[in-house]
Amino acid sequence: MTVSGKNVLVVEDSATMRSFVVAALEADDFEVTTAKSGFEAMKVLAQRKFDLVITDINMPDINGLEVVRYVRESAAHKETPLIIISTDGRDRDRERGMKLGASDYLIKPFKPEDLISRARHFLSQGSSKTEH
Amino acid sequence: MTDHVNSSGPAKLSAIADTLRSGDQSARILAIRELSTAALSSPETVGPALDLLIDVMGDDDWVVRKEAVAAALLCGDKHVLSEKLVDAMAEPDNVGRRNAVIEGVMKLGSITIDPLLRALKQKPDYRKVLVDVLGTFGETRVIPALAESLLDEDPNVRAAAMEQLASFPASDVSPALEKALDSPDLLVVLAALEGLNRNQISLPLSKITPLLEKVVLRPALMTALGNTKDISALPHLIEGLLSQAKGAREAALVALVNLHESLEGDSQARTQIEQSARGMSELALHSSLRALMEANAPVRAATATLLGWTGRKDMVRPLSLVMRDPDPMVAKAADRAIALLGQTAAGEELRSMLPR
């Protein structure tokens, strides 16, 4: 499946993790836009649509779970697949994220190929629902 | 407005606590403001008032959480506040509270370092967030604790420690960053590389090339190649111009120009770089033209410089489009590139006039 030109929004406050995710996605020909906080993400989401959103949970101001809620409650984005990336693998956080409508949950640190295969999976499905 | 002014001490706090549980956002915000003006100024209520504020930092509404952080920071007893906030970083469940507390600690500043270091020594489950904050105050006394965290069994703690260490000036941490390039953790290597690049540290090529196969490191490696002051980096940078990843291509463009600048006294090496631009493939040229129009200012400026070296008259037109770039650095680079292309073009004209 070609992902050339598919737009991904990456919401991550850690500069290193942001570089990591962007480099992994760009090497697979995704077009990537970044936001350093949930607040910045909402500003970007208010202006344009994306094929996929990838968000961290722990961020200042508006956190990742609130980004998930915003995306799912927004008419423009409610069908957009959304992957949470977090250092926190506790079941409760995962459950909360999935309950809010995240499509998947990836625990840091992950291999670039794991992120890419999940991203490709959701883009080929064209839907926000996970099959994992 | 809810008015608790006439109540006294604990009764007042209890009334405010009730309001903080109300469904009305503006009532909760007013209650927070009341806490900050009344309860925080009295030694007997400061502790319970801070507990209430930390509790409300877990509010569902981020505006209320932010107000609670701002109110807590008004507390006169910064030592009590820093102890309480650092303790609250242990929050296991409420993501909003966890992050609001972290914001409070960061805004409170270096007074929180001692409680943070004490907490880190206990090696709690939440030590990654402690490490995340420790390096943000720029105080070198945290470096040993961060260095120790590089050996933590949790890879996320190791990566956070390296990201924080890499934020210090090179003189303090450069050997540790170079050593980290041998780490098996990609995130640790990436954080170290970005720190070294920020400080424009020149690495030996032998440290960089073995890492080139790691795609996620490539943009940072291109920048590092540009800092090597070694003409042997040139083939890797030319290859970088053809990377599939936009970030790596753009980093290679800037790095080529940086390498050229760093070889000021070596005209032979500089000519070699300029000649390699003349031999650029159409594909590399095409992506460079895209960068000239779409990338950020440093990349646009570097691209303009590079296009000036190509000797191609058909580059004059795209370069002329950025002569009025809003960024003066880009406009200046385009001016110089066109002048350079003009000289070449004039040379070709003269040569064509010579008898065969």
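The values are calculated or read from the model by the stated rules, or taken from the named source; none is laboratory data. Quick caveat, the model's predicted, so the values are computed rather than measured. Quick reminder, even Gly has a Cβ in these numbers, built from the backbone with ideal geometry, and neighbours come from all protein chains shown.
Candidates in segment A:71-114 are the residues that are outside any strand (DSSP E or B) and touching a Phe, Trp or Tyr at 6+ places or on another chain (Cβ under 7 Å); of these, the one that is surrounded by the fewest Cβ atoms within 10 Å (Cβ to Cβ) is A:Met98.
Filtered by the rule that a residue be of a type in the set (Ser, Thr, Tyr) and outside any loop (DSSP other than H, G, I, E, B), segment A:115-129 gives A:Ser117, A:Ser124.
Among the residues of segment B:126-141, those identified as more than 12 Å from every other protein chain (Cβ to nearest Cβ) and over 11 Å from B:Ser167 (Cβ atoms) are B:Leu130, B:Glu139, B:Thr140, B:Arg141. The criterion of being more than 10 Å from every other protein chain (Cβ to nearest Cβ) and without any contact (Cβ under 8 Å) to a residue 60 or more places away in the chain does not hold for B:Asp154.
A:Val53 falls short of the stated requirement of being part of a strand (DSSP E or B) and over 25 Å from B:Gly96 (Cα atoms).
Scanning segment B:223-267 for residues that are within 14 Å of another protein chain (Cβ to nearest Cβ) and of a type in the set (Ser, Thr, Tyr) yields B:Thr223, B:Ser243. Mind checking whether some residue in segment B:51-72 is under 26 Å from A:Ser14 (Cβ atoms) and more than 14 Å from chain A (Cβ to nearest Cβ)? Checked against the condition, which is being under 26 Å from A:Ser14 (Cβ atoms) and more than 14 Å from chain A (Cβ to nearest Cβ), segment B:51-72 yields at least one hit. Cβ-Cβ distances below 7 Å connect the following pairs, each with a first residue in segment B:84-101 that is more than 8 Å from chain A (Cβ to nearest Cβ), a second residue that is acidic (Asp, Glu) and not in a helix (DSSP H, G or I), and a separation of six or more residues or different chains: B:Arg97/B:Glu91; B:Val101/B:Glu91. Selection over segment B:159-197 of residues that are more than 20 Å from B:Leu134 (Cα to Cα), of a type outside the set (A, V, I, L, M, F, W, C) and either surrounded by 21 or more Cβ atoms within 10 Å (Cβ to Cβ) or at the interface with chain A (Cβ under 9 Å from one of its Cβ atoms) (or both) gives a count of 2. The residue that is surrounded by the fewest Cβ atoms within 10 Å (Cβ to Cβ), among those in segment B:202-222 that are more than 14 Å from every other protein chain (Cβ to nearest Cβ), aliphatic (A, V, I, L, M) and part of a helix (DSSP H, G or I), is B:Leu205.
To keep it simple, each residue is scored yes or no on (1) farther than 20 Å from A:Arg18 by Cβ; (2) over 12 Å from the mean Cα position of the chain (by Cα); (3) touching a residue at least 40 places away in the same chain (Cβ under 8 Å).
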position: A:Val53; (1), (2), (3): no, no, yes
position: A:Ile57; (1), (2), (3): no, no, yes
position: A:Pro60; (1), (2), (3): no, yes, yes
position: A:Asn63; (1), (2), (3): no, yes, no
position: A:Ala75; (1), (2), (3): yes, yes, no
position: A:Glu79; (1), (2), (3): yes, yes, yes
position: A:Asp91; (1), (2), (3): yes, yes, no
position: A:Ala102; (1), (2), (3): no, no, no
position: A:Ser124; (1), (2), (3): yes, yes, yes
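Return only the number of the condition from (1) modelled with pLDDT under 95; (2) within 11 Å of chain A (Cβ to nearest Cβ) that B:Leu40 does not satisfy. Of (1) modelled with pLDDT under 95; (2) within 11 Å of chain A (Cβ to nearest Cβ), only one is false for B:Leu40: (2). Here segment B:79-110 is the region considered, the condition is being surrounded by fewer than 14 Cβ atoms within 10 Å (Cβ to Cβ) and assigned to a helix (DSSP H, G or I), and the residue that is farthest from the chain's Cα centre (by Cα) is B:His79. Under the condition of being in contact (Cβ under 8 Å) with a residue 40 or more places away in the chain and more than 8 Å from chain B (Cβ to nearest Cβ), the residues counted in segment A:14-27 number 2.
With respect to the conditions (1) closer than 21 Å to B:Gly311 by Cα; (2) crowded, with 17+ Cβ neighbours inside 10 Å, B:Gln275 falls short on a single one, namely (2).
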